[in-house]
Amino acid sequence: MLIDLKTRIGTPEVDELLVYALIEEPEELAGISAEYAGQSPLQLKGWEDEGLLLGLIGYEETEDGSLVIRHIAVLPENRGKGYARGMILELLTVHQPRYVLAETEDEVAADFYRALGFMVYSLGENAAGIEMFRCVYEVEEFEDEE
């Protein structure tokens, strides 16, 4: 079950996970933390097990009913155990979005999203020459059975 991390922003455990999520730009930690702590529509949730914060996911819900994943990270020693997948699945259950969107410059992350059923599109290279990917998951609508 995801827990709200807004009151824990700035703690060492949350900062550590956010730095993992920032990949190549850990110097942006203060600005990102301030965004999540502020009055913005951004949400920051975490996955905790036996009092240990194992992962976090930062996202926003858009006006069109979509979710945009801004950051996702799991402690290195807990990667590959399904925590990131579990966080995304819980968001799908709780928010029931039309689409889930994420952008990444990490090919491993793009492969992770692809394995979850996201369509992954290359956005080309950014100004630093790094290939960017847009990951889109279209949630299937099921008609009520009568």
Requested in this report: Restricting attention to segment 62-75, report how many residues are more than 12 Å from the chain's Cα centre (by Cα), in contact (Cβ under 8 Å) with a residue 12 or more places away in the chain and open to solvent by 40 Å² or more (accessible area, probe 1.4 Å).
Outcome: 1
**Report entry** Close pairs from segment 118-131: first of a type outside the set (S, T, N, Q), partner loosely packed, with under 11 Cβ neighbours inside 10 Å, Cβ under 8 Å, at least 6 apart
**Finding:** Ile130/Glu24; Glu131/Ser122; Glu131/Gly124
Query raised in the report: Across segment 81-116, which residue is farthest from Glu25 (Cα to Cα) among those that are open to solvent by 90 Å² or more (accessible area, probe 1.4 Å), without any contact (Cβ under 8 Å) to a residue 12 or more places away in the chain and not hydrophobic (A, V, I, L, M, F, W, C)?
Result: Thr93
Query raised in the report: Mind checking whether some residue in segment 120-128 is touching a Pro at 6+ places or on another chain (Cβ under 7 Å), part of a loop (DSSP other than H, G, I, E, B) and farther than 14 Å from Leu2 by Cβ?
Result: no
Query raised in the report: Among Ile72, Ile32, which is out of contact with any Lys or Arg (no Cβ under 6 Å at 6 or more places or on another chain), assigned to a strand (DSSP E or B) and β-branched (Val, Ile, Thr)?
Result: Ile72
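The values are calculated or read from the model by the stated rules, or taken from the named source; none is laboratory data. Just so we're clear, the structure is a prediction, and the values are computed from it rather than from any experiment. Here Cβ is always computed from backbone atoms with ideal geometry, including for glycine, and neighbour counts include all displayed protein chains. Note: areas computed on protein heavy atoms with side chains; ligands, DNA, RNA excluded. Shrake-Rupley method; radii C 1.70, N 1.55, O 1.52, S 1.80 Å.
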